[in-house]
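Heads up, the thing below is written out as structure tokens.
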Amino acid sequence: VQLQASGGGLVQAGGSLRLSCAASGRTSSSYAMGWFRQAPGKEREFVAGIDWIGGSIVYADSVKGRFTISRHNAKNTVYLQMDSLKPEDTAVYYCAASWRGTVVGSRTIEYDYWGQGTQVTVSS
């Protein structure tokens, strides 16, 4: 499975961005998907995850109520809608895929494939 993340950019605090992760490869639509982020000097952290059919969704406490993960399996794409952005959301955002399609993991070790990352910068 190959993953291509896009949609990052520079936005003011309170603004919005939508990230996309396009997946390609065999049976990519049957994978659980996750978004992680990594700020400079910090470890990569879980942001949100969704199972293969969209029936199970998990968010990190820090983004609950502000971020929304969704997927469109016919397009092999997962989205992360980010609203009410804060400067502390600044990071490189990565999408990831897990062949355990019905399990939404929150640890990096639970994901098998990773995209290249897209930079999100929120100015105060």
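The values are calculated or read from the model by the stated rules, or taken from the named source; none is laboratory data. Bear in mind that the values here come from a model prediction, so they are computed numbers and not experimental data. Quick reminder, even Gly has a Cβ in these numbers, built from the backbone with ideal geometry, and neighbours come from all protein chains shown. These area figures cover heavy atoms from the full protein model, side chains too; ligands, DNA and RNA do not enter into them. Shrake-Rupley method; radii C 1.70, N 1.55, O 1.52, S 1.80 Å.
Details
- D_trans [Stokes-Einstein, Kirkwood Rh over alpha-carbon pairs] for region 6-124, 10 °C, 1.306 mPa s, µm² s⁻¹: 113 µm²/s
- Protection proxy ranking, peptides 69-81, 3-15, average beta carbon neighbours within 10 Å, highest first: 69-81, 3-15
- Per-pair calculated FRET efficiency, R0 = 30 Å: Gln12 and Thr108 via Cβ, rounded to 0.05: 0.50
- Per residue, the accessible area of the chain comes to 51 Å², computed with a 1.4 Å probe over protein heavy atoms only.
- Shape box of region 8-77 [Cα atoms, principal axes, largest first, Å]: 36, 25, 22
- Estimated FRET transfer efficiency when R0 is 22 angstrom, pair Ala74-Arg26 (beta carbons, to 0.05): 0.85
- Averaging over all projection directions, the Cα-based convex hull of region 60-124 occupies 5.2 nm² in the image plane.
- Loop-located trypsin sites (Lys or Arg not before Pro) in region 3-56 (DSSP state other than H, G, I, E, B) with a sparse environment of at most 10 neighbouring Cβ atoms within 10 Å: Arg26, Lys42.
- With every protein chain in place, the chain: carbon and sulfur % of accessible area (1.4 Å): 49 percent
- Label zone (Glu88, point 7 Å along Cα-to-C-beta; backbone nitrogen cut-off 20 Å) within region 10-49: 11-17, 35-49.
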